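Read through the structure below, which is laid out as structure tokens, and then see the notes.
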Amino acid sequence: MAPARHIAPVGTTLKRWLPVIFVGLMFFTGLAWNNFPEGGWPRCASYGVIDNPLDDNYMDHVMNVQLPRMNYAQPKVLNPVRTDVLTMTPWFAPIVWEGSFNRDILNEQYKKRNISIGLTVFAVKKYVVFLQRFIETAEKFFMVGQRVNYYVFTDLPEQVPKMTLPDGRQVVTIQVPGYKRWQEVSMRRMEMIHDASMRNFVYEVDYIVAVDVDMQFTDEVGVEILGDVFGTLHPGFYETERQHFTYERRASSQAYIPEDEGDFYYAGGFFGGTVKEVFMLTGHCHSAMMADRDRGIEAIWHDESHLNKYLLNHKPTKILSPEYLWDCNTRSPPFLLKRRFLTVSKNHTQIRS
Ligand code: 48C
């Protein structure tokens with residue numbers, strides 16, 4: 001019977017081969033390392049080098065996430081802060097209400113990104129009278145601590161109030177025609193924002209927030225509103241059945257929405273998003289309005305009708321509650337814990353004449 005071969009315990013074998021394994025590992029690692037594509041980790045087994053979709057300092061992000069110590073209430077899975085209002089749409093877009101977010105956490109996240117926001121406002125003909133209060137109240141409440149460009153579109157640039165603003169905030173005046181009809185002024189905003197997005201905004205800011213000027217900020221409006229594309233619930237329709245929304249109901253208009261369609265009724269006076277998304281939204285709405293004009297039709301609520309059609313077919317990634325656009329003459333219902341952006345009472349006939 002052949003002598004039993006002496007089989008050394010595994011540990012001895014391993015020790016004996018360790019140097020060989022180590023040298024081998026170093027050799028192959030070195031080979032591999034030299035073949036990594038420039039700029040970091042390959043995403044998958046590649047047939048030829050692919051562009052690395054992660055930005056160059058990917059590892060920095062991963063290794064250096066340092067949110068400062070913050071004390072805030074623990075979010076409770078079974079005990080949501082708001083149970084009186086809808087806080088998420090069926091397409092997973094958050095609806096922003098007081099209590100549904102912590103601005104300190106959001107500010108920390110945005111601070112790392114060093115963003116800038118463009119606030120567009122049209123003050124054409126007599127509406128220039130609203131600018132002073134608009135900007136003064138925006139300085140108190142709008143994106144405090146962030147970089148902001150106020151883009152003031154007007155036919156009367158000499159009447160734009162001269163205001164000294166802190167570092168990082170400035171007024172940029174853009175001259176536009178003083179269209180005769182107020183409806184035309186309102187509708188042309190889409191065209192003007194679209195053009196300015198391509199000419200200026202894309203080089204100057206990350207987000208665009210487009211609002212009415214006959215308004216004033218009365219409470220914090222911060223980075224909680226930012227996202228790819230957002231609309232605002234109109235204060236007059238949050239509890240209305242959709243067949244009673246004042247959508248455009250004539251099929252001949254590009255803004256047409258049938259009675260059995262629609263999610264929400266969005267206000268024309270407050271929308272926004274990334275420059276790219278706002279560029280597409282305003283371009284689409286402007287083209288639709290020009291197509292209607294060629295066919296001799298004007299949607300019932302002008303740019304607001306087209307905004308609603310656009311956001312029906314291109315769902316907003318975030319929705320602002322009526323806290324962000326409220327009528328100063330309407331009492332606050334119990335669910336309205338904040339009034340952040342209020343209409344300024346005016347004599348429509350006088351101001352639009
Ligand atoms: O700037 C003007 N001048 C006008 O004569 C008519 C409208 N406008 C702009 O369009 C203002 O920025 C207005 O806020 C906006 C249309 N919105 C309104 O008139 C009410 N907020 C509905």
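Here the gap between Val202 and Ala251, fully extended at 0.36 nm per residue and compared with their Cα-Cα distance, gives a gain of 14.1 nm.
Take the alpha-carbon centre of the range 101-118, take the same for the range 147-200, and report the distance between them in whole Å. About 25 Å separates the Cα centre of the range 101-118 from the one of the range 147-200. The heavy atoms of Tyr72 present about 120 square angstrom of accessible area, all protein chains included, probe 1.4 Å. Here the calculated FRET efficiency for Ile300 and Thr83, from their Cβ-Cβ distance with R0 = 35 Å, stands at 0.50, rounded to the nearest 0.05. In the context of the full set of protein chains, residues of the range 64-204 present 59 Å² of accessible surface per residue (probe radius 1.4 Å, heavy atoms only). Using the Cβ-Cβ distance between Lys140 and Gln175 with R0 set to 45 Å, the FRET efficiency works out to roughly 0.95.
Tell me, what is the per residue accessible area of the range 215-341 in Å², probe radius 1.4 Å?
For the range 215-341, the solvent-accessible area averages 40 Å² per residue.
Taken over the Cα atoms of the range 248-335, the convex hull encloses 116 Å³ per residue. One quarter of the convex hull surface built on the alpha carbon atoms of the range 197-353 amounts to 10.4 nm², the projected area averaged over directions.
Let me check I've understood the local charge: for Val229, count other residues with C-beta under 11 angstrom from its C-beta, Lys and Arg +1, Asp and Glu -1. What total comes out? Overall, the nearby charge balance is +1. Quote the relative contact order of the range 239-285 in percent (integer), defining contacts as alpha-carbon pairs under 8 Å separated by 6+ residues. Reported relative contact order: 29 percent.
Summarise the accessible area of the range 242-353 (1.4 Å probe, protein heavy atoms) by the percent that is carbon and sulfur. Of all accessible area on the range 242-353, carbon and sulfur atoms account for 51 percent. When nucleic acids and ligands are ignored and a 1.4 Å probe is applied, Arg147 ends up with an accessible area of around 110 Å². Of the accessible area of the range 190-233, computed with a 1.4 Å probe over protein heavy atoms only, carbon and sulfur atoms account for 43 percent. Annotation: lysines with alpha-carbon distance below 23 angstrom to Lys125 (same-chain offsets under eight excluded): Lys162, Lys180, Lys346.
Coupling constants for the range 72-79 follow from the phi torsions by the Karplus curve (6.51 cos²θ - 1.76 cosθ + 1.60, θ = phi - 60°), and in residue order they are 8, 4, 5, x, 9, 4, 9, 9 Hz; glycine and proline get x. I want to verify the translational diffusion coefficient of the range 156-212 in µm²/s; compute it with Stokes-Einstein, Rh as the Kirkwood radius over Cα pairs, at 25 °C and 0.890 mPa s. Estimated diffusion coefficient is 184 µm²/s. The lysines within cross-link reach of Lys276, meaning a Cα-to-Cα straight distance under 18 Å and a gap of 8 or more places when in the same chain, are Lys315, Lys318.
The values are calculated or read from the model by the stated rules, or taken from the named source; none is laboratory data. On a predicted model such as this, the values are computed, not experimentally measured, just so you know. Every residue, glycine among them, receives a Cβ derived from its backbone with ideal geometry; neighbour counts consider all protein chains shown. Ligands, DNA and RNA are stripped out before the accessible areas are found, and what is left, the full protein with its side chains, is counted by its heavy atoms. Shrake-Rupley method; radii C 1.70, N 1.55, O 1.52, S 1.80 Å.
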